[in-house]
Amino acid sequence: MASTFDSTLRNLRETRVWKSIFRRGPANTNRTRSLAVFGNLFLHWLPVKVREKSLRLRASYYLGSISFILFVVLFVTGILLMFYYHPAAPHAYRDMKDLQFVVSSGVFLRNLHRLAAHLMVFAVFWHMFHVFYRGGYKPPHEFNWAVGVVLLLVTLFLSYTGYLLPWDQLAFWAVTVGTNIISAMPVVGSKIRFLLLGGNIVGENALLRFYVLHVVILPLVAFLLIGIHFWRVQKDGGLTVKRKDDDGKE
Amino acid sequence: MSDTKDSFVSEAAHTVPGDKEINRRDFLNEITMGALGIAGLGSVVVTYQYFAPNVLFEPSTTFRAGNPDLYPIHSVTFLQDQQVYIVRMPEGFYAVSAVCTHLGCVTQWKADADMIACPCHGSKFKADGTKIEGPAPRPLPHFAISLTADGELLVDKLQNIKPAQVLKV
(Lines give C-alpha, C1' and ligand atoms only; values in the text may rest on other atoms or scores of the structure.)
Protein backbone atom coordinates (compact mmCIF):
# COMPACT_ATOMS: atom_id res chain seq x y z
CA MET A 1 0.00 0.00 0.00
CA ALA A 2 2.71 2.39 1.06
CA SER A 3 4.82 1.47 -1.94
CA THR A 4 1.95 2.05 -4.34
CA PHE A 5 1.39 5.46 -2.73
CA ASP A 6 5.08 6.26 -3.08
CA SER A 7 5.20 5.15 -6.67
CA THR A 8 2.03 7.07 -7.48
CA LEU A 9 3.58 10.17 -5.96
CA ARG A 10 6.78 9.56 -7.90
CA ASN A 11 4.83 9.18 -11.11
CA LEU A 12 2.86 12.30 -10.33
CA ARG A 13 6.09 14.24 -9.88
CA GLU A 14 7.20 13.15 -13.32
CA THR A 15 4.12 14.62 -15.00
CA ARG A 16 4.39 17.78 -17.03
CA VAL A 17 1.65 19.54 -15.01
CA TRP A 18 3.44 18.93 -11.68
CA LYS A 19 6.73 20.11 -13.10
CA SER A 20 5.10 23.23 -14.48
CA ILE A 21 3.75 24.13 -10.99
CA PHE A 22 6.67 23.07 -8.80
CA ARG A 23 9.80 24.29 -10.44
CA ARG A 24 12.22 22.16 -8.44
CA GLY A 25 12.61 18.49 -7.67
CA PRO A 26 11.85 16.82 -4.33
CA ALA A 27 13.13 18.65 -1.25
CA ASN A 28 15.31 15.88 0.13
CA THR A 29 18.55 17.69 0.98
CA ASN A 30 19.13 20.83 3.05
CA ARG A 31 19.91 22.75 -0.11
CA THR A 32 16.78 21.69 -1.99
CA ARG A 33 14.66 22.27 1.15
CA SER A 34 15.97 25.82 1.34
CA LEU A 35 15.34 26.31 -2.36
CA ALA A 36 11.79 25.01 -1.94
CA VAL A 37 11.13 27.74 0.66
CA PHE A 38 12.92 30.49 -1.30
CA GLY A 39 11.13 29.61 -4.52
CA ASN A 40 7.61 29.61 -3.09
CA LEU A 41 5.60 32.83 -3.05
CA PHE A 42 3.79 31.89 0.15
CA LEU A 43 6.85 30.63 2.01
CA HIS A 44 9.62 32.94 0.87
CA TRP A 45 9.10 35.45 3.68
CA LEU A 46 9.45 32.71 6.27
CA PRO A 47 12.90 31.70 7.52
CA VAL A 48 14.49 28.64 5.98
CA LYS A 49 15.96 27.72 9.33
CA VAL A 50 15.00 28.72 12.86
CA ARG A 51 16.75 28.25 16.16
CA GLU A 52 15.07 25.65 18.28
CA LYS A 53 15.07 28.12 21.21
CA SER A 54 12.97 30.59 19.29
CA LEU A 55 10.29 27.93 18.82
CA ARG A 56 9.89 27.41 22.55
CA LEU A 57 6.66 28.61 24.08
CA ARG A 58 8.43 31.06 26.38
CA ALA A 59 10.32 32.71 23.51
CA SER A 60 7.19 34.32 22.11
CA TYR A 61 4.10 32.66 23.64
CA TYR A 62 3.17 32.53 19.92
CA LEU A 63 1.44 35.87 20.43
CA GLY A 64 2.30 37.18 16.96
CA SER A 65 1.04 33.97 15.37
CA ILE A 66 -2.13 34.10 17.49
CA SER A 67 -2.73 37.69 16.37
CA PHE A 68 -2.24 36.66 12.75
CA ILE A 69 -4.56 33.64 13.06
CA LEU A 70 -7.20 35.93 14.58
CA PHE A 71 -6.68 38.33 11.67
CA VAL A 72 -7.28 35.47 9.22
CA VAL A 73 -10.43 34.45 11.15
CA LEU A 74 -11.64 38.06 11.01
CA PHE A 75 -10.84 38.27 7.31
CA VAL A 76 -12.84 35.13 6.49
CA THR A 77 -15.82 35.80 8.78
CA GLY A 78 -15.83 39.45 7.71
CA ILE A 79 -16.15 38.50 4.04
CA LEU A 80 -18.95 36.07 4.92
CA LEU A 81 -20.82 38.75 6.89
CA MET A 82 -20.54 41.12 3.93
CA PHE A 83 -22.89 38.86 1.97
CA TYR A 84 -25.80 39.88 4.24
CA TYR A 85 -24.88 43.41 5.32
CA HIS A 86 -25.88 46.64 3.55
CA PRO A 87 -23.95 49.69 4.76
CA ALA A 88 -27.00 51.97 4.62
CA ALA A 89 -29.02 53.47 7.45
CA PRO A 90 -32.36 51.70 6.94
CA HIS A 91 -30.70 48.30 6.44
CA ALA A 92 -27.63 48.10 8.64
CA TYR A 93 -29.32 47.47 12.00
CA ARG A 94 -31.92 45.10 10.49
CA ASP A 95 -29.21 43.17 8.62
CA MET A 96 -27.30 42.77 11.86
CA LYS A 97 -30.48 41.48 13.56
CA ASP A 98 -31.17 39.19 10.58
CA LEU A 99 -27.69 37.75 10.95
CA GLN A 100 -28.48 37.04 14.58
CA PHE A 101 -31.95 35.54 14.19
CA VAL A 102 -32.69 34.59 10.58
CA VAL A 103 -29.52 33.66 8.67
CA SER A 104 -28.27 30.09 9.15
CA SER A 105 -25.05 30.19 11.20
CA GLY A 106 -25.37 33.97 11.12
CA VAL A 107 -25.14 34.40 14.87
CA PHE A 108 -22.13 32.09 14.93
CA LEU A 109 -20.27 34.07 12.29
CA ARG A 110 -21.19 37.43 13.78
CA ASN A 111 -20.09 36.41 17.24
CA LEU A 112 -16.95 34.79 15.88
CA HIS A 113 -16.11 38.06 14.11
CA ARG A 114 -16.91 40.13 17.20
CA LEU A 115 -15.07 37.93 19.70
CA ALA A 116 -12.06 37.43 17.42
CA ALA A 117 -11.88 41.24 17.12
CA HIS A 118 -11.88 41.67 20.90
CA LEU A 119 -9.29 38.90 21.25
CA MET A 120 -7.12 40.36 18.52
CA VAL A 121 -6.85 43.71 20.29
CA PHE A 122 -5.94 41.80 23.45
CA ALA A 123 -3.41 39.54 21.64
CA VAL A 124 -1.78 42.42 19.77
CA PHE A 125 -1.34 44.41 22.99
CA TRP A 126 0.04 41.38 24.80
CA HIS A 127 2.37 40.72 21.85
CA MET A 128 3.61 44.30 22.03
CA PHE A 129 4.21 44.18 25.78
CA HIS A 130 6.01 40.85 25.47
CA VAL A 131 8.25 42.11 22.66
CA PHE A 132 8.90 45.31 24.62
CA TYR A 133 9.93 43.53 27.81
CA ARG A 134 12.20 41.20 25.85
CA GLY A 135 13.93 44.21 24.28
CA GLY A 136 12.59 43.48 20.82
CA TYR A 137 12.67 47.18 19.92
CA LYS A 138 16.49 47.30 20.09
CA PRO A 139 18.79 47.11 17.04
CA PRO A 140 18.47 45.49 14.58
CA HIS A 141 14.74 45.29 15.26
CA GLU A 142 13.87 49.01 15.44
CA PHE A 143 12.18 49.18 12.06
CA ASN A 144 10.06 46.11 12.74
CA TRP A 145 9.09 47.57 16.11
CA ALA A 146 7.87 50.70 14.33
CA VAL A 147 5.92 48.60 11.83
CA GLY A 148 4.42 46.75 14.80
CA VAL A 149 3.30 49.99 16.43
CA VAL A 150 1.56 51.02 13.20
CA LEU A 151 -0.06 47.56 13.07
CA LEU A 152 -1.34 48.09 16.62
CA LEU A 153 -2.90 51.39 15.51
CA VAL A 154 -4.40 49.73 12.42
CA THR A 155 -5.88 47.03 14.67
CA LEU A 156 -7.47 49.70 16.88
CA PHE A 157 -8.79 51.64 13.87
CA LEU A 158 -10.25 48.41 12.47
CA SER A 159 -11.98 47.80 15.81
CA TYR A 160 -13.27 51.34 15.98
CA THR A 161 -14.59 51.46 12.40
CA GLY A 162 -16.20 48.04 12.82
CA TYR A 163 -17.88 49.25 16.00
CA LEU A 164 -20.18 51.60 14.06
CA LEU A 165 -21.42 48.99 11.59
CA PRO A 166 -24.13 47.34 13.79
CA TRP A 167 -25.73 50.81 13.77
CA ASP A 168 -27.23 50.48 17.24
CA GLN A 169 -27.22 52.94 20.15
CA LEU A 170 -23.86 51.72 21.43
CA ALA A 171 -22.29 52.16 17.98
CA PHE A 172 -23.85 55.57 17.44
CA TRP A 173 -22.75 57.07 20.75
CA ALA A 174 -19.30 55.49 20.66
CA VAL A 175 -18.63 57.13 17.30
CA THR A 176 -20.27 60.40 18.38
CA VAL A 177 -17.96 60.54 21.40
CA GLY A 178 -14.89 59.31 19.47
CA THR A 179 -15.22 61.78 16.63
CA ASN A 180 -15.79 64.59 19.14
CA ILE A 181 -12.46 63.64 20.68
CA ILE A 182 -10.91 64.12 17.21
CA SER A 183 -12.48 67.57 16.89
CA ALA A 184 -10.69 68.60 20.09
CA MET A 185 -7.48 68.57 18.03
CA PRO A 186 -6.30 72.16 17.48
CA VAL A 187 -6.91 73.86 14.10
CA VAL A 188 -7.61 70.76 11.96
CA GLY A 189 -9.78 68.80 14.44
CA SER A 190 -13.24 69.77 13.20
CA LYS A 191 -12.08 69.46 9.56
CA ILE A 192 -10.89 65.89 10.16
CA ARG A 193 -14.15 65.06 11.92
CA PHE A 194 -16.11 66.47 8.97
CA LEU A 195 -14.07 64.40 6.49
CA LEU A 196 -14.30 61.23 8.58
CA LEU A 197 -18.08 61.50 9.05
CA GLY A 198 -18.77 63.00 5.62
CA GLY A 199 -20.95 65.57 7.39
CA ASN A 200 -21.66 67.18 10.73
CA ILE A 201 -23.59 64.29 12.28
CA VAL A 202 -23.11 60.52 12.53
CA GLY A 203 -25.40 59.64 9.62
CA GLU A 204 -25.56 57.75 6.31
CA ASN A 205 -22.27 59.15 5.04
CA ALA A 206 -20.46 58.25 8.25
CA LEU A 207 -21.74 54.67 8.09
CA LEU A 208 -20.59 54.28 4.48
CA ARG A 209 -17.19 55.85 5.15
CA PHE A 210 -16.55 53.69 8.18
CA TYR A 211 -17.64 50.64 6.16
CA VAL A 212 -15.20 51.36 3.33
CA LEU A 213 -12.41 51.99 5.82
CA HIS A 214 -13.29 48.80 7.70
CA VAL A 215 -13.61 46.40 4.78
CA VAL A 216 -11.18 47.78 2.19
CA ILE A 217 -8.65 50.40 3.19
CA LEU A 218 -7.59 49.27 6.67
CA PRO A 219 -7.44 45.53 5.83
CA LEU A 220 -5.27 46.32 2.80
CA VAL A 221 -2.92 48.39 4.94
CA ALA A 222 -2.88 45.65 7.58
CA PHE A 223 -2.14 42.97 4.97
CA LEU A 224 0.77 44.91 3.52
CA LEU A 225 2.25 45.72 6.92
CA ILE A 226 1.83 42.15 8.19
CA GLY A 227 3.78 40.97 5.13
CA ILE A 228 6.59 43.43 5.85
CA HIS A 229 6.48 42.58 9.57
CA PHE A 230 6.90 38.82 9.02
CA TRP A 231 9.55 39.29 6.35
CA ARG A 232 11.57 41.60 8.59
CA VAL A 233 11.50 39.10 11.48
CA GLN A 234 13.49 36.80 9.23
CA LYS A 235 15.73 39.53 7.74
CA ASP A 236 16.58 40.87 11.20
CA GLY A 237 17.82 37.46 12.27
CA GLY A 238 14.82 35.81 13.85
CA LEU A 239 13.24 36.35 17.24
CA THR A 240 15.12 38.10 19.98
CA VAL A 241 16.34 35.36 22.24
CA LYS A 242 17.91 36.14 25.59
CA ARG A 243 21.67 36.40 25.53
CA LYS A 244 21.90 33.71 28.19
CA ASP A 245 20.15 31.35 25.78
CA ASP A 246 22.48 32.39 22.95
CA ASP A 247 25.49 31.29 24.93
CA GLY A 248 23.88 27.93 25.40
CA LYS A 249 24.29 28.12 29.20
CA GLU A 250 20.65 28.66 30.17
CA MET B 1 37.89 73.20 -26.75
CA SER B 2 39.99 75.68 -24.85
CA ASP B 3 38.00 78.46 -26.54
CA THR B 4 34.70 77.28 -25.17
CA LYS B 5 36.22 76.84 -21.75
CA ASP B 6 37.57 80.37 -21.84
CA SER B 7 34.25 81.79 -22.92
CA PHE B 8 32.48 79.83 -20.16
CA VAL B 9 34.87 81.25 -17.56
CA SER B 10 34.56 84.78 -18.86
CA GLU B 11 30.76 84.47 -18.93
CA ALA B 12 30.76 83.25 -15.37
CA ALA B 13 32.90 86.19 -14.40
CA HIS B 14 30.23 88.56 -15.75
CA THR B 15 27.40 87.12 -13.69
CA VAL B 16 26.28 88.83 -10.51
CA PRO B 17 27.71 87.24 -7.35
CA GLY B 18 25.27 84.69 -5.94
CA ASP B 19 23.59 84.25 -9.32
CA LYS B 20 24.22 80.59 -10.20
CA GLU B 21 24.96 79.25 -13.64
CA ILE B 22 22.45 76.60 -14.61
CA ASN B 23 23.02 73.91 -17.20
CA ARG B 24 20.35 72.24 -19.29
CA ARG B 25 20.13 69.10 -17.14
CA ASP B 26 19.58 71.01 -13.91
CA PHE B 27 17.10 73.31 -15.62
CA LEU B 28 15.04 70.37 -16.91
CA ASN B 29 15.26 68.60 -13.54
CA GLU B 30 14.01 71.65 -11.69
CA ILE B 31 11.23 72.30 -14.19
CA THR B 32 10.14 68.65 -13.94
CA MET B 33 10.27 68.55 -10.14
CA GLY B 34 8.40 71.84 -9.99
CA ALA B 35 5.70 70.58 -12.31
CA LEU B 36 5.38 67.32 -10.36
CA GLY B 37 5.22 69.30 -7.09
CA ILE B 38 2.44 71.52 -8.40
CA ALA B 39 0.56 68.48 -9.77
CA GLY B 40 1.02 66.66 -6.43
CA LEU B 41 -0.22 69.64 -4.44
CA GLY B 42 -3.16 69.98 -6.81
CA SER B 43 -4.08 66.33 -6.41
CA VAL B 44 -4.02 66.71 -2.61
CA VAL B 45 -6.41 69.65 -2.94
CA VAL B 46 -8.85 67.88 -5.28
CA THR B 47 -8.71 64.73 -3.13
CA TYR B 48 -9.64 66.82 -0.09
CA GLN B 49 -12.43 68.46 -2.07
CA TYR B 50 -13.70 65.07 -3.25
CA PHE B 51 -13.95 63.76 0.31
CA ALA B 52 -15.63 66.89 1.69
CA PRO B 53 -19.28 66.61 0.61
CA ASN B 54 -20.82 69.71 -0.97
CA VAL B 55 -24.43 68.75 -0.34
CA LEU B 56 -25.49 67.28 2.98
CA PHE B 57 -28.73 65.41 3.54
CA GLU B 58 -28.92 66.33 7.19
CA PRO B 59 -31.90 67.63 9.19
CA SER B 60 -32.48 71.37 8.93
CA THR B 61 -30.77 73.37 11.65
CA THR B 62 -33.67 75.83 11.80
CA PHE B 63 -36.96 74.65 13.22
CA ARG B 64 -40.29 75.87 14.53
CA ALA B 65 -40.95 75.12 18.18
CA GLY B 66 -44.68 75.82 18.12
CA ASN B 67 -46.82 78.45 19.80
CA PRO B 68 -45.27 80.17 22.86
CA ASP B 69 -48.41 79.37 24.86
CA LEU B 70 -47.42 75.68 24.78
CA TYR B 71 -44.69 76.43 27.31
CA PRO B 72 -45.71 77.37 30.87
CA ILE B 73 -43.64 79.95 32.75
CA HIS B 74 -40.79 78.41 34.82
CA SER B 75 -40.58 75.38 32.53
CA VAL B 76 -37.80 73.51 30.73
CA THR B 77 -39.04 71.49 27.75
CA PHE B 78 -36.80 68.98 26.00
CA LEU B 79 -37.39 68.68 22.25
CA GLN B 80 -35.91 65.25 21.55
CA ASP B 81 -35.90 65.45 17.74
CA GLN B 82 -34.02 68.74 17.80
CA GLN B 83 -31.90 68.09 20.91
CA VAL B 84 -32.79 71.52 22.28
CA TYR B 85 -34.33 72.75 25.55
CA ILE B 86 -36.94 75.48 25.27
CA VAL B 87 -36.73 77.31 28.59
CA ARG B 88 -39.44 79.78 29.60
CA MET B 89 -38.70 81.99 32.57
CA PRO B 90 -40.63 85.08 33.74
CA GLU B 91 -38.20 87.26 31.78
CA GLY B 92 -38.81 85.35 28.53
CA PHE B 93 -37.77 82.46 26.28
CA TYR B 94 -34.39 81.02 25.47
CA ALA B 95 -33.24 77.91 23.59
CA VAL B 96 -30.39 75.89 25.13
CA SER B 97 -28.51 73.15 23.31
CA ALA B 98 -29.03 69.67 24.79
CA VAL B 99 -25.74 68.40 23.33
CA CYS B 100 -23.05 68.19 25.99
CA THR B 101 -20.01 70.36 25.24
CA HIS B 102 -17.74 67.57 26.50
CA LEU B 103 -18.09 64.80 23.91
CA GLY B 104 -21.45 65.34 22.28
CA CYS B 105 -23.81 63.14 24.31
CA VAL B 106 -27.42 64.25 24.64
CA THR B 107 -28.16 65.58 28.13
CA GLN B 108 -31.37 65.19 30.12
CA TRP B 109 -33.43 67.67 32.13
CA LYS B 110 -33.85 66.44 35.71
CA ALA B 111 -36.90 68.36 36.96
CA ASP B 112 -36.63 67.04 40.53
CA ALA B 113 -32.98 68.14 40.86
CA ASP B 114 -33.61 71.33 38.83
CA MET B 115 -30.62 70.74 36.53
CA ILE B 116 -29.47 69.33 33.19
CA ALA B 117 -27.36 66.15 33.50
CA CYS B 118 -25.22 64.30 30.95
CA PRO B 119 -25.47 60.48 31.12
CA CYS B 120 -22.03 59.87 29.58
CA HIS B 121 -19.49 61.49 31.87
CA GLY B 122 -21.54 63.19 34.58
CA SER B 123 -21.45 66.85 33.57
CA LYS B 124 -24.22 68.92 35.21
CA PHE B 125 -25.66 72.25 34.09
CA LYS B 126 -28.24 74.77 35.27
CA ALA B 127 -31.33 75.35 33.15
CA ASP B 128 -29.63 78.38 31.57
CA GLY B 129 -26.72 76.17 30.43
CA THR B 130 -24.07 77.30 32.93
CA LYS B 131 -21.96 74.42 34.20
CA ILE B 132 -22.36 73.18 37.75
CA GLU B 133 -19.80 70.37 37.65
CA GLY B 134 -18.19 67.72 35.46
CA PRO B 135 -15.72 67.53 32.57
CA ALA B 136 -17.64 69.80 30.14
CA PRO B 137 -15.27 72.59 29.05
CA ARG B 138 -17.95 75.16 28.15
CA PRO B 139 -21.51 76.01 29.17
CA LEU B 140 -24.33 74.74 26.93
CA PRO B 141 -24.72 77.29 24.11
CA HIS B 142 -27.85 79.38 23.59
CA PHE B 143 -29.38 79.32 20.11
CA ALA B 144 -30.99 82.26 18.35
CA ILE B 145 -34.72 82.24 19.06
CA SER B 146 -37.31 84.48 17.44
CA LEU B 147 -40.97 84.66 16.51
CA THR B 148 -42.25 83.92 13.02
CA ALA B 149 -44.80 86.19 11.35
CA ASP B 150 -47.59 83.82 12.40
CA GLY B 151 -46.47 83.88 16.03
CA GLU B 152 -44.53 80.63 16.43
CA LEU B 153 -41.14 80.19 18.05
CA LEU B 154 -38.28 79.81 15.56
CA VAL B 155 -34.91 78.41 16.64
CA ASP B 156 -31.70 78.57 14.56
CA LYS B 157 -29.17 76.01 15.82
CA LEU B 158 -26.33 77.40 13.69
CA GLN B 159 -26.55 80.81 15.40
CA ASN B 160 -25.20 80.99 18.94
CA ILE B 161 -26.22 84.01 21.01
CA LYS B 162 -25.22 85.41 24.38
CA PRO B 163 -27.19 83.94 27.30
CA ALA B 164 -28.39 87.42 28.24
CA GLN B 165 -30.42 87.72 25.01
CA VAL B 166 -33.89 86.54 25.97
CA LEU B 167 -36.95 86.52 23.72
CA LYS B 168 -39.78 88.41 25.39
CA VAL B 169 -43.23 87.42 24.24
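Filtered by the rule that a residue be outside any loop (DSSP other than H, G, I, E, B) and under 27 Å from residue B:146 (Cα atoms), the range B:38-70 gives B:62, B:63, B:64, B:65, B:66, B:68, B:69, B:70. Got at least one residue in the range A:103-126 being in contact (Cβ under 8 Å) with a residue 40 or more places away in the chain, more than 30 Å from residue A:166 (Cα to Cα) and not small (Gly, Ala, Ser)? No: the range A:103-126 contains no residue that is in contact (Cβ under 8 Å) with a residue 40 or more places away in the chain, more than 30 Å from residue A:166 (Cα to Cα) and not small (Gly, Ala, Ser). Taking the criterion of being in contact with a Pro (Cβ under 6 Å, 6 or more places away or on another chain) and not small (Gly, Ala, Ser), the residues of the range B:129-146 that qualify are B:130, B:131, B:142.
Matching residues to (1) of a type in the set (Gly, Ala, Ser); (2) within 24 Å of residue B:159 (Cα to Cα):
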residue	(1), (2)
B:39	yes, no
B:56	no, yes
B:80	no, yes
B:117	yes, yes
B:124	no, yes
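Within the range B:37-83, which residues are more than 14 Å from chain A (Cβ to nearest Cβ) and of a type in the set (D, E, K, R)? Within the range B:37-83, B:64, B:69 qualify.
Selection within the range A:24-55: residues that are charged (D, E, K, R) and more than 17 Å from residue A:232 (Cα to Cα). The member of this set that is surrounded by the fewest Cβ atoms within 10 Å (Cβ to Cβ) is A:52. Every condition in (1) modelled with pLDDT of 90 or more; (2) farther than 21 Å from residue A:181 by Cα holds for residue B:91 except the one numbered (1). Here residue A:97 fulfils each of the conditions (1) within 26 Å of residue A:228 (Cβ to Cβ); (2) of a type outside the set (Val, Ile, Thr); (3) surrounded by 12 or more Cβ atoms within 10 Å (Cβ to Cβ) apart from (1). Of the candidates A:49, A:19, the single residue that is closer than 30 Å to residue A:132 by Cβ and of a type outside the set (Gly, Ala, Ser) is A:49. The range A:52-155 holds helices (runs of 4 or more DSSP H) entirely within its bounds, and those carrying 3 or more residues that are under 20 Å from the mean Cα position of the chain (by Cα) and aromatic (Phe, Trp, Tyr) map to A:63-82, A:106-133.
Scanning the range B:102-122 for residues that are in contact with a Pro (Cβ under 6 Å, 6 or more places away or on another chain) and either away from every other protein chain (no Cβ under 12 Å) or surrounded by 21 or more Cβ atoms within 10 Å (Cβ to Cβ) (or both) returns a single hit, B:102.
Restricting the search to the range B:65-96, which residues are within 22 Å of residue B:163 (Cβ to Cβ) and of a type in the set (D, E, K, R)? Before the answer, list the steps.
First, the residues of the range B:65-96 that are within 22 Å of residue B:163 (Cβ to Cβ): B:65, B:68, B:71-79, B:82-96.
Hits for the range B:65-96 are B:88, B:91.
Of the residues making up the range B:87-101, just one is touching a Cys at 6+ places or on another chain (Cβ under 8 Å) and crowded, with 22+ Cβ neighbours inside 10 Å, namely B:100.
Here residue A:23 meets the list (1) out of contact with any Gly (no Cβ under 9 Å at 6 or more places or on another chain); (2) modelled with pLDDT under 90; (3) not in a helix (DSSP H, G or I) almost entirely, failing just condition (1). Can you pull out the residues in the range A:56-79 that are buried (at least 17 other Cβ atoms within 10 Å of the Cβ) and modelled with pLDDT of 85 or more? Residues satisfying the conditions are A:60, A:63, A:64, A:66, A:67, A:68, A:70, A:71, A:73, A:74, A:77, A:78.
Looking across the range A:145-178 at every residue that is modelled with pLDDT under 95 and among the polar types (S, T, N, Q), the one that is farthest from residue A:213 (Cα to Cα) is identified as A:169. Just one of the listed residues (A:53, A:19) is touching a residue at least 24 places away in the same chain (Cβ under 8 Å) and among the charged types (D, E, K, R), namely A:53.
The values are calculated or read from the model by the stated rules, or taken from the named source; none is laboratory data. Values in this document were obtained by computation on a predicted structure and should not be read as measured data. Virtual Cβ from ideal backbone geometry, glycine too; neighbours counted across all protein chains shown.
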